[in-house]
Amino acid sequence: AAVILGAWIQYSEAYIQQLPSEARKPFILLTFTCAAFLFFVAPIPQDRSYHNFADRRGFCCRCGTFGFTKDQGRLVVPNFMDVASNSVILAGGVFGIIVLMTRDNLELAGDEWQLSVCCPILFLATVTITFGSMYYHWRPCNETLVWDRLPMTVAFMAVFSFLLDDRIATKSNAKLGPLILYPFIFIGILSLIYWHYTDDLRPYFLVQFLPLICIPILFITYPPKYSGQEHILISLFWYVMAKVCEEKDREIYIMSGERVSGHSLKHVLAGFVPFSLSCMLIVRQPLIEE
């Protein structure tokens, strides 16, 4: 731990000097917050009961009949609702890619880096989430969960980098996003590797939840460069509601008469996030001169 911390401090000192001066204090604060969390919070193992989802029904098609079944010996698609509900996430990612591909016709506002680098990574990661999540829900276990969380981590870091670049204006017009996107993605992937080999979720929790805490602070502290910011708040709302549904998986399943589970609703609500972000790209216009 001491060697890693020393290397990080050595790297950060050189890296911070490359950042625009207006971004150095937030970056240093972010670094110390993460370090404090890792030092003072005990290791968080993956709860094995996480894989025990409420809706275990499979979809069976056999001898001219089809429908839901709990007969494990006849399953064609296991955990069907949790697998199939990922189609909403896929639709959101594809919609975002189509928006970017038609950006000249839609006259999307934004700098070249946002529209040609960061947003494509975000929406491609969203599409990949679909297949990673389907693979995981087909056979829920820690080994398959890695492939569910890997593209999610890339998407989290792309959104966070986009918002930091979009909000923190610099006097020298230096771009913040290109400096932080790839290091953030690298840190996110390292957090998954660390969890996979140590069964400690602390770094991954930072990757997933720290942006949720920072987004409201960004909105309060820094004025927007573009209109359409309400769609970012709507995206945040959908994501928070998705996490609530994930937490109340079994309760929602029982309340719905065993028709739909909270985890399936989580996928549907999470799929609304890329739609909202795409709408933000479509409607936004510059508020200040660059």
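From the list Tyr239, Tyr204, Tyr222, Tyr226, the lone residue that is free of Cβ contacts under 8 Å to residues at least 40 places away in the same chain, within 25 Å of Ser161 (Cα to Cα) and of a type in the set (Phe, Trp, Tyr) is Tyr239. If you take the residues of segment 116-145 that are open to solvent by less than 40 Å² (accessible area, probe 1.4 Å) and of a type in the set (Gly, Ala, Ser), which of them is farthest from Thr198 (Cα to Cα)? This residue is Ala125.
Listed by first and then second residue, the pairs linking a residue in segment 99-111 that is under 9 Å from Ile282 (Cβ atoms) to a residue that is among the polar types (S, T, N, Q) and modelled with pLDDT of 90 or more, with Cβ atoms under 6 Å apart and 6 or more places separating them unless they lie on different chains, are Val99/Ser278. Answer with yes or no whether Met157 is hydrophobic (A, V, I, L, M, F, W, C), open to solvent by 20 Å² or more (accessible area, probe 1.4 Å) and either at pLDDT below 95 or on the phi < 0 side of the Ramachandran plot (or both). Here the answer is no, as Met157 does not meet what is asked. Given the condition closer than 30 Å to Ser264 by Cα, in a helix (DSSP H, G or I) and open to solvent by 40 Å² or more (accessible area, probe 1.4 Å), answer yes or no: does some residue in segment 160-180 qualify? No, that holds for no residue. Mind listing just one residue for me: the one in segment 40-58 that is in a helix (DSSP H, G or I) and touching a helix residue (DSSP H, G or I) at 6+ places or on another chain (Cβ under 9 Å) and, of those, modelled with the lowest pLDDT? So the residue we want is Arg48. With a requirement of 1 or more residues that are touching a Pro at 6+ places or on another chain (Cβ under 8 Å), the helices (runs of 4 or more DSSP H) lying completely within segment 79-158 that satisfy it span 87-101, 119-138. Determine which single condition Val83 fails, assuming it passes every other condition in (1) open to solvent by less than 60 Å² (accessible area, probe 1.4 Å); (2) at pLDDT below 90. All conditions pass for Val83, except number (2). Of everything listed in (1) farther than 23 Å from Arg167 by Cβ; (2) open to solvent by 10 Å² or more (accessible area, probe 1.4 Å), the single unmet condition for Gly110 is (1).
The values are calculated or read from the model by the stated rules, or taken from the named source; none is laboratory data. Everything numeric in this text was worked out from a predicted model, so none of it was measured. Note that each Cβ is placed from the backbone with ideal geometry, even for glycine, and that neighbours are counted across all protein chains shown. Side chains included, ligands, DNA and RNA excluded: accessible areas come from the protein's heavy atoms. Shrake-Rupley method; radii C 1.70, N 1.55, O 1.52, S 1.80 Å.
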